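Following: one structure in structure tokens, then a few remarks.
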Amino acid sequence: MAKPFYITTPIYYVNDVPHIGHAYTTIAADVLTRFHRMAGREAFSLTGTDEHGTKVAEAARKAGLTPQEFCDRIVEKFKVVWKNLDIDNSYFIRTTSPRHEAGVRKLLAVLNEAKTDDGQDVIYSDYYEGLYCTGCEKFITEKDLVDGVCPDHKTAPEKLREKNYFFRLTAFTDRLRKLIESNELRILPEERRREVLGLLKQDLPDFSISRERVEWGVKLPFDEDQITYVWIDALLNYITAIGYGDDASSFKKWWQSSESVHLMAKDILKFHCLYWPAMLMAAGEKLPDTMFLHGFFTVDGEKMSKTLGNQIDPNGMVEEFGPDGARYLLLTQYPFGVDGDIQAKRFVQQYNSDLANDLGNLVSRVGKMVVVNFEGKLPPPHEGIEGLDDLMKQTEALPGLVYEHIKKFRLSHAINDAIGLVRASNKFFNDTAPWKLAKAGKTEELGGILYACCEVIRIVATLLYPVMPRKMAEIRAVFGLDDSTLTLDHARKFFELPQGTPVKIDEAIFPRFDAKKKAAKTSEKTQPSEDDNLLDISEFGKVKLRVAQVVKAERVEGADKLLKLQIDLGSEKRQIVAGIAEHYSAEDITDKKVLVVANLKPAVIRGVESNGMLLAAKKGKKLFVLTPDGDLPPGAKVS
Ligand code: MSP
């Protein structure tokens, strides 16, 4: 029985809103988790947020909030985006949670008692003097600077001298090197392993684990005047989240007895591949099994950054392509593991060609032919069809190939191989021209072709389920398959679908994305014809209209038309986003009583969650928010 599988993403800084860089790693971890589960393993996936440190405290101050209020606000954006992308994480860790803080203090207390092999203290105090970049949240050297400023943050570093506690890394580097060389600690891809071994050949200094001047963080258990360095605090999330210090049996299962994988991009190699294993060694804990450091991507050739304004909001991608489209597109831009470029302008074309044309079309034309020619019942297989043996061979080989790719983190290869089979199947379909056989009444051969294509579709939909869980479930439902057969084993065998299986296909699984049509549709929506869509009285009754009072209003960053409103509905407070910023300022609308639709599903508009809709009317180009006539209390029903 394979060991349980434990996978982590980095915990993301809350001073930035989620962007596709964060989404990339988190989707990849989700795909790996789902795949290992499909292969019969127990799996736990972890993500979360890194909430301490000067950077976050600074961002909070700018936003006029306490650090905790600020974190509480931003963390919701991460939770919403993961929900929108169908990320099925087993736990979400916040470094400001009491559970995490207790775990950090516990491990630091253990380290403070620990000795090196030659009897020295692992932790010691000393003075540190150096250049500190708050943006990077680390000390940097003169040679890192470009024209006197940090090349990443374009700010001059501060000179700091302070008492710090240090971790005696020098006492662990030899052991660490041997573990990496022997692959007991696997660092992947090979290029990253070489990079780490290269670093270990240099004279690595001990590193500091605490800060004197920082306020926002976890106090050291052995010196309450010092705050744990944010990176040390952050790394410990990988064990506090699974019970280090408070749940021995969970910790035993998910750390000591599992195969653990830390997934991240190569930007945070040093902390993960040097400091983290050395700390675990010193504390007498097992090391992680694998570090996988994927590449870093640019967007349309440029480094993605807040300042350049080229960060792509994953929520926007979900709105456009659905969660499955967004997941697929992000993972297939370039091979997983190396550096690459994300070209957003190619998304529509690629969605149309891979998903709408290749996969979607195969499902709909095969499904429809079964419906039309065989009354929606799967015909029996048939031998001797030209090209069938090759297609079957390719299909039977696919699950093994894909699983090998998954085990080696070759996500884009796995996906491409599956789509390759879809293309081969489309070719088989075209070459055998089943529509001609239908006309000629050659039912057995026709049935054989359709049977084979249905099997290909079932197998591909199972193998791609971890990448596109919703759409693949829809495809599997064409054959009435539910989650009970969602296993790698079920995908390994051909002839699993019995003859006579009902085949139902209603709408296109991946409707073609037509940018022009979409624009037309949106303008239709904003100018509905008065007579269209007459409602029944009972239907109107479903709309819950309420009086609400605007408690607070502010503009949505980067959106000229939107205001974010906090409203009081009597029994509860809510946040809604309204497209009124060109007509009302935040001050104009604050304290106003308004009318809202209160039972809409939450929506995310420009990355901001909205839980309702404000009523307004237009006269010419001017927009007027509707207000109640009379002194009605918040929450009053509108009928
Ligand atoms: N908080 C630290 C991590 C602590 S983990 C103990 C941090 N946070 S971060 O918000 O900056 O996230 C960095 C990670 O986001 C990268 O390692 C990677 O997983 C992901 N990415 C951010 N931008 C990315 C790209 N442009 N390309 C690929 N991955 C990207 O560092």
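Worth pointing out:
- Counting only protein heavy atoms and a 1.4 Å probe, the chain has 47 square angstrom of accessible area per residue.
- With 5 Å bins beginning at zero, the pair-distance distribution over Cα atoms of region 543-619 amounts to 3, 17, 30, 27, 17, 4, 0 %.
- At an R0 of 51 angstrom, the distance between the Cβ atoms of E386 and D339 translates into a FRET efficiency of 0.70.
- Once you reduce region 464-497 and region 350-391 to the center of their Cα atoms, the two points are 15 Å from each other.
- Principal axis analysis of the Cα atoms in the chain yields extents of 88, 74, 49 Å, listed in decreasing size.
- Between K504 and E224, the distance separating the two model label sites (each 7 Å from Cα on the Cα→Cβ line) works out to 6.5 nm.
- Rel. contact order, % - alpha carbon contacts under 8 angstrom, at least six apart, the chain: 12 percent
- With coordinates expressed along the principal axes, the C-alpha atoms belonging to region 431-506 extend over 40, 25, 23 Å, beginning with the largest.
- Classification of region 229-362 by its C-alpha gyration tensor yields a prolate form. The axis ratio a/c (a ≥ b ≥ c) is 1.5 or more, and a/b outweighs b/c.
- Cα centroid separation, region 135-168 to region 49-74: 21 Å.
- For region 123-253, the residue among L176, A234, P157 whose Cα projects farthest onto the positive side of the dipole built from Cβ charges is L176.
- L595 sits among other residues whose Cβ lies under 12 Å from its own Cβ, and their net charge, with Lys and Arg +1 and Asp and Glu -1, is +4.
- The stretch between R346 and E554, if pulled fully straight at 0.36 nm per residue, gains 71.4 nm over its current Cα-Cα span.
- Furthest towards positive pole of dipole, P335, N357, F166, structure part the chain, Cβ charges: N357
- Debye equation applied to the C-alpha atoms of region 295-408, log10 I(q)/I(0) at 0.09, 0.10, 0.11, 0.21 Å⁻¹: -0.41, -0.50, -0.59, -1.25
- Normalised per residue, the volume of the convex hull around the Cα set of region 40-87 (Å³): 86 Å³
- Share of carbon and sulfur in the accessible heavy-atom surface of region 597-639 [1.4 Å probe, %]: 56 percent
- Fraction of beta bridges assigned by DSSP in the chain that are antiparallel (%, nearest 5): 65 percent
- Extension gain, D117 back to E587 (0.36 nm per residue minus Cα-Cα distance, nm): 162.6 nm
- GluC sites (Glu not before Pro) within region 364-440, DSSP loop, no more than 16 other Cβ atoms inside 10 Å: E375, E383, E386
- Share of carbon and sulfur in the accessible heavy-atom surface of region 78-186 [1.4 Å probe, %]: 46 percent
- Here the accessible area is traced with a 1.4 Å probe on the protein chains. For region 375-518, carbon and sulfur cover 50 percent of it.
- For A156, the residues 5 or more places off, or on other chains, whose built amide H falls under 5 Å of its own are C150.
- Rg/Rg_globular for region 1-138, with Rg_globular taken as 2.2 N^0.38 Å and Rg from C-alpha atoms: 1.29
- Length gained when the stretch D144-E58 is fully extended (0.36 nm per residue, less Cα-Cα span): 28.6 nm
- Highest average packing first - 277-289, 582-594, Cβ atoms within 10 Å: 277-289, 582-594
The values are calculated or read from the model by the stated rules, or taken from the named source; none is laboratory data. Bear in mind that the values here come from a model prediction, so they are computed numbers and not experimental data. Glycine gets a Cβ as well: all are built from the backbone with ideal geometry, and neighbour counts include every protein chain shown. When the accessible area is computed, the model is the full protein with side chains, heavy atoms only, and any ligands, DNA or RNA have been set aside. Shrake-Rupley method; radii C 1.70, N 1.55, O 1.52, S 1.80 Å.
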